[in-house]
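I have placed the structure first, in the form of structure tokens, so that the comments after it can refer back to it.
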Amino acid sequence: MAFPNEAFEDQRLQNAIALKVELDKRGAADVATVMAFAAVVFINFLAVLFTLWNRNYPPIKAKSPLLMTCLFVGSTFWYIGDIRGHGHVQQYGTGLADCHVSNIWMHAVSGMFAVCGLYALRSQMLYQVFHLNQPCSGLKFFMPTIVYSTIVLVFAIVMQALGDKRTTYYVPQLDICSGTNTYKITILTLLWGAVLYDAVMYWRIRNIKSSFNESREMAAVSSLSILVLLVTTLISFLKPSYPLLMPFRVTMTVIGQFCVHLTWWSIMAVPIYQCLFNRHTYLVKWRATLREDGLQREYRADSSSGMQPITDNATKSLQTSYGDKVTNTHAFYYGNESGARLYAPMTYADVGAIIGHEAPSAISNSCSGESVIDSEGVGRKLV
């Protein structure tokens, strides 16, 4: 990947004049665009590592860390394809002049098609779990993904077999890849099909009952995908020489990359932030929300991070202080039975109702553990 070479850019400009086409030399705007989004990709890479390291933290686990990692990989290929395909970097002598590899396999298949397909899969997972109340498994569940992947693979193989002049090809005088109208129409048609499938899947899950804004997340994904593809379609046909013109190529890259990374963060920002700064407090509130909504099974709340329903031994230890009614409370513990720390969220009124007294001003130490009063006035007894 080479940054602007003045002598090379001057020669490109002379070639453009001879061919009677307009051309803006690569310069500071291109460097700034490439470097800015390279920094974003690096930050996202760190976020992905953090996500995988904390993949068993329930709020992160509920977001499907493996799927979000695959989306990051796809968005990275999309970024590489954008900076090359939109003409921000020199291609001659860099190995990027093979337009079939860079445009078809990297930019389209591994980038745009992969990202669209993975978001569609996520919408399908939400529909399967929250609407149909079924597990994400079986041939029927994966059939749309298999069909989509087969279509994309067939497209790539056919485009590769057709050769340069009928699909996408390198123009050495201008150091860019160009493409035939048939190639552009085919790839944009498939992309619109993928984006519209995303929109249909969002429409199917728009009224699902979930606890953490999954429907709104996918609404944002669908809207941003349509915006990116609409801009791409309009500029590709109204200004087909856009890689030669600085305002258009920068606009294409900025809008595309901004939306791609924004969709990822719209899903992962909250769990990553809370895991980093409010790990235990947020986890308690997260589980309390699930219990209130009755969605523990959908989020697999009882099977992650070593947190399980309260055991009989732990229940008896609470009954010592609060009586038999404690079995009606929602209590969870960390660790194994021999070293369990009971974490039983309850309000002052709840405690008063359980022990048959007025609501206390604070939770007492009657269970021989610490008392914790959080910012919402909720007492949490650690045994």
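None of the figures in this text is laboratory data; all of them are computed from the coordinates on show. This is a predicted model, so every value here is computed, not measured. When we count neighbours, we look across all protein chains shown, and the Cβ atoms used for this are built from the backbone with ideal geometry, even at glycine.
Name the GluC sites (Glu not before Pro) in the stretch 1-81 that are in a loop by DSSP and that have at most 16 other C-beta atoms within 10 Å, would you?
Within the stretch 1-81, the qualifying GluC sites (Glu not before Pro) (loop, at most 16 other Cβ atoms within 10 Å) are Glu22.
Which whole-number percent is the relative contact order of the stretch 96-215 (Cα, under 8 Å, 6+ apart)?
39 percent
Three principal axis extents, largest first, for the C-alpha atoms of the stretch 166-262, in Å?
Ordered largest first, the stretch 166-262 gives principal extents of 57, 26, 18 Å.
How big is the charge dipole of the stretch 5-70 about its Cα centre, in debye rounded to the nearest 20, if each Lys and Arg gets +1 on its Cβ and each Asp and Glu gets -1 on its Cβ?
Values: 7 positive and 6 negative charges, 114 e Å.
Charge dipole of the stretch 5-70: 540 debye, to the nearest 20.
Working out 0.36 nm times the residue gap between Phe277 and Lys25, then minus their Cα-Cα distance, what length gain in nm do you get to one decimal? List each step's numbers first, then the result.
Details: separation 252, 0.36 × 252 = 90.72 nm, distance 4.56 nm.
Gain on extension, Phe277 to Lys25, equals 86.2 nm.
Suppose R0 equals 41 Å. What FRET efficiency, 1/(1 + (r/R0)^6) with r the Cβ-Cβ distance, do Lys239 and Cys136 give to the nearest 0.05? Before the final figure, lay out each step's value.
On the way: r = 42 Å, r/R0 = 1.03.
Taking R0 as 41 Å, the efficiency between Lys239 and Cys136 is 0.45.
Cα-based Rg of the stretch 6-279 per 2.2 N^0.38 Å, rounded to two decimals?
Numbers: Rg = 19.9 Å, N = 274, 2.2 N^0.38 = 18.6 Å.
Its radius of gyration relative to the 2.2 N^0.38 Å reference: 1.07.
Between the stretch 29-87 and the stretch 274-291, how far is it from one alpha carbon centroid to the other, in angstrom?
Computed from Cα coordinates, the inter-centre distance equals 25 Å.
Which pairs, out of Lys63/Lys140; Lys63/Lys184; Lys63/Lys239; Lys20/Lys165; Lys140/Lys285, put more than 28 Å between their alpha-carbon atoms?
Working: Lys63/Lys140 22 Å; Lys63/Lys184 34 Å; Lys63/Lys239 39 Å; Lys20/Lys165 21 Å; Lys140/Lys285 35 Å.
Beyond 28 Å: Lys63/Lys184; Lys63/Lys239; Lys140/Lys285.
Points 7 angstrom from Cα along the Cβ direction at Tyr92 and Leu196: gap in nanometres?
Result: 4.2 nm between the two label points.
Sort 264-274, 33-43 by packing, meaning the average of other beta carbons within 10 Å per residue, with the highest value first. Don't skip to the end; give the middle numbers.
On the way: 264-274: 18.1, 33-43: 15.4.
So the order, starting with the most tightly packed, is 264-274, 33-43.
Please report, for the Cα atoms of the stretch 53-99, the Rg to one decimal and the Dmax as a whole number; what are they, in angstrom?
Values for the stretch 53-99 (Cα only, Rg and Dmax): 16.4, 48 Å.
For the residues His107, His280, His86, what sequence is obtained by ranking on other C-beta atoms within 10 Å, fewest first? Don't jump to the answer; show the numbers that get you there.
On the way: His107 26, His280 12, His86 23.
Ranking His107, His280, His86 by Cβ neighbours within 10 Å, fewest first, gives His280, His86, His107.
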